[in-house]
Amino acid sequence: GEPSSRRSSEDGGAEFHAPDHPDHPGWSAAEHHAFVHGPAHRDPAREAEAKGSRHPPTGPVFLAPGRFAEGALALRSLLAPLADAAAHLSMFRGAECVASLSRLDARQRDTGYALCLLGKAHAEMVEYQESARAFERARRVDPTRLESCEVYSTVLWHLKRETRLSHLAQECVSVDRLAPQTWCALGNCFSLQKEHETALRFFRRALQLDPKYPYAHTLCGHEYFANEDFEKAMTSYRAAIRVDPRHYNAWYGLGTVYYRQEKYELSEYHFRHALGINSRSSVLFCYLGMAQHALRRTGDALELLQRAVALDAKNPLAKYEKASVLLSDDKFQEALLELEELKTVAPREASVFFLMGRIYKKLGLADQAMVNFSVALDLKPASSD
């Protein structure tokens, strides 16, 4: 056959013989250099200018080393705080996450992604007001963003902001009815209204859309727990753990079920496992302390409850349980001090005044005991729900 470098004039074209090797006498010095060393560096803008064109040819743009380094440094300064914040949040280090986000400039800090990270960090620290503000700002900046709306809806549930939670659920439905976050928000909305069966139906709908969604499994567990259906609650919590073994909320949920069933050793095991994942949780330290108290380990219980208070001085349950442990250990004055501090945090909590009444009664102060019992009875209807 004909060599590939040759076309016959029989094909209708002029006969052409290409040189087969750079040493062929038909090669110029420039062609020889290009063959051996590659093409010389081209400046598209300069070539276009030489040809009189106003539009330089398209193609790869080669940045000068200095410009490239500047761009890489700018990109790193943008991404590093976000990466640090995400890493801290994955380890449940809320304060460090907030600090990392504060390193961003104002424009980047005011984006939907960064604000959602901020909201989740505050939620982990049980700072629900700050969390809600961050999420609300994220909704204004990026109203179609559904990621983290399940967490925002839970924050609103804790704050008992029924109207805002209802609006959030409607907004999510208008954005995407097939997003699991939408159905979690709807479920939380009905859960706050004590319509647990409806809430469960919506949480199960979220799981139909995404069976590997641990948050929805855990929310199902919480609703079953509220209905005192402990077997189904445990099934839901275990399903969440199978999907994500580091989902500490599910370990906590199992611990609360066993605590309610008075299986305190099993309760202790699950609370400890949850603490192994999230060692910054005041709530987990509090419940582990309660389990220790139930097992009559007073010293360990007091130490754990003190750590819970140190992590969150506004945790009312930790202070109340600490006062209960001190009362059981006949440390009446210390218990009263805890309850006096607790009254500033939860001034309308009937159980606080009732416990103070018990302590005054043990101290032989009948008048003060009666005053506190009366206040507890007056507050009981308001706190019964």
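How big is the charge dipole of region 330-385 about its Cα centre, in debye rounded to the nearest 20, if each Lys and Arg gets +1 on its Cβ and each Asp and Glu gets -1 on its Cβ?
In debye, rounded to 20, region 330-385 gives about 180.
Kindly state, to the nearest 0.05, the FRET efficiency for Asp210 paired with Arg103, given R0 = 25 Å and r defined as their beta-carbon distance.
0.15
Highest mean first, how do 165-172, 186-193, 198-205, 294-301 rank when packing is the count of other Cβ atoms within 10 Å averaged over residues?
In decreasing order of mean packing, 165-172, 186-193, 198-205, 294-301 become 186-193, 198-205, 165-172, 294-301.
Let's test the formula: R0 of 25 Å, r as the Cβ-Cβ distance of Arg348 and Glu262. What FRET efficiency results, to the nearest 0.05?
With a Förster radius of 25 Å, E is 0.25.
Could you compute the FRET efficiency for Gln170 and Asp330, with r as their C-beta to C-beta distance and R0 at 51 Å, rounded to 0.05?
Calculated transfer efficiency: 0.40.
All of the numbers you see were taken from the coordinates with simple rules; none came from a lab. Predicted model, so just to flag it, every value in this text is computed and none were measured. When we count neighbours, we look across all protein chains shown, and the Cβ atoms used for this are built from the backbone with ideal geometry, even at glycine.
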